[in-house]
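Chemist: Got a structure for you, questions after.
The values are calculated or read from the model by the stated rules, or taken from the named source; none is laboratory data. Model, not experiment: these values are computed from the prediction. Neighbour counts are summed over all protein chains in view; Cβ atoms, including those assigned to glycine, are modelled from backbone coordinates with ideal geometry.
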Amino acid sequence: MTRGLAVLGSAVFFLIAPTTVAGVVPWWISRWRLQAPFFDLQLIRWFGVVLILLGIPVLVETFTRFALQGGGTPAPVVPTQHLVITGPNRYVRNPIYLALVAIVLGQGLILGDARLLVYGALLWIGFHIFVLAYEEPTLRRTFGAEYDTYCANVSRWLPRLPGSTLASS
């Protein structure tokens, strides 16, 4: 796949998947109506802002990296040609999923809407099942020992800080 097609494919997939998961569905659930903050603490809203501000750049940067470095898209139908293990993927194997969950949970905290927190939890469970049932076996078949080495050094869900060692997935 050419670089231009990879960028175009990633952009189209970005407009479809993350926009739906972290934009349309949360709006549908909450209509983005502000409710009382959880535990009547305004500080909780600011934690939601932090989650969103951390999630958005990770999401955009990882999508970009999949296109430019991986030669493909995050979409399973047009996967990368090269294993992407730099950028946010240096610290965690699933930065896109974590970013999406962070953005959804952030909205729930800002809006004081427990339904969005439940949606975020269900989203993470769905991502986890998808990763175990499809994504990891596919990556293992596609990239073999390179992927095994990557898994041995980078956690599935808990970001690894520079200089730390991996305890478990």
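Chemist: Which condition breaks for THR149 when tested against (1) farther than 30 Å from TRP32 by Cα; (2) buried (at least 17 other Cβ atoms within 10 Å of the Cβ); (3) at pLDDT 95 or above; (4) not hydrophobic (A, V, I, L, M, F, W, C)?
Modeler: Checking THR149 against (1) farther than 30 Å from TRP32 by Cα; (2) buried (at least 17 other Cβ atoms within 10 Å of the Cβ); (3) at pLDDT 95 or above; (4) not hydrophobic (A, V, I, L, M, F, W, C), the one that fails is (2).
Chemist: Moving to a separate point now. Is there any pair linking a residue in segment 121-138 that is in contact (Cβ under 8 Å) with a residue 40 or more places away in the chain to one that is surrounded by 11 or more Cβ atoms within 10 Å (Cβ to Cβ) and in a helix (DSSP H, G or I), with Cβ under 8 Å and at least six apart or on different chains, and which?
Modeler: Partner pairs satisfying both residue conditions: LEU123/VAL21; LEU123/LEU100; LEU123/VAL101; LEU123/VAL104.
Chemist: Exactly one of these conditions fails for GLY87: (1) free of Cβ contacts under 8 Å to residues at least 60 places away in the same chain; (2) within 26 Å of VAL7 (Cα to Cα); (3) crowded, with 17+ Cβ neighbours inside 10 Å; (4) not acidic (Asp, Glu). Give me its number.
Modeler: All conditions pass for GLY87, except number (3).
Chemist: Step by step: first the residues of segment 46-84, then only those that are among the small types (Gly, Ala, Ser) and farther than 20 Å from LEU116 by Cβ, then the one that is surrounded by the most Cβ atoms within 10 Å (Cβ to Cβ). Which residue is that? Walk me through how you get there before you give the answer.
Modeler: First, the residues of segment 46-84 that are among the small types (Gly, Ala, Ser): 48, 55, 67, 70-72, 75.
Checking which are farther than 20 Å from LEU116 by Cβ leaves us with 67, 70-72, 75.
Numbers: ALA67: 26, GLY70: 22, GLY71: 17, GLY72: 20, ALA75: 16.
Out of the qualifying residues, it is ALA67.
Chemist: I'd like to check something: does segment 14-22 contain any residue that is hydrophobic (A, V, I, L, M, F, W, C), touching a Ser or Thr at 6+ places or on another chain (Cβ under 6 Å), under 18 Å from TYR97 (Cα atoms) and part of a helix (DSSP H, G or I)? Reasoning before the result, please.
Modeler: Taking segment 14-22 first, the residues hydrophobic (A, V, I, L, M, F, W, C) are 14-17, 21-22.
After this cut, where a residue has to be touching a Ser or Thr at 6+ places or on another chain (Cβ under 6 Å) as well, the list is none.
Checked segment 14-22: no residue is hydrophobic (A, V, I, L, M, F, W, C), touching a Ser or Thr at 6+ places or on another chain (Cβ under 6 Å), under 18 Å from TYR97 (Cα atoms) and part of a helix (DSSP H, G or I).
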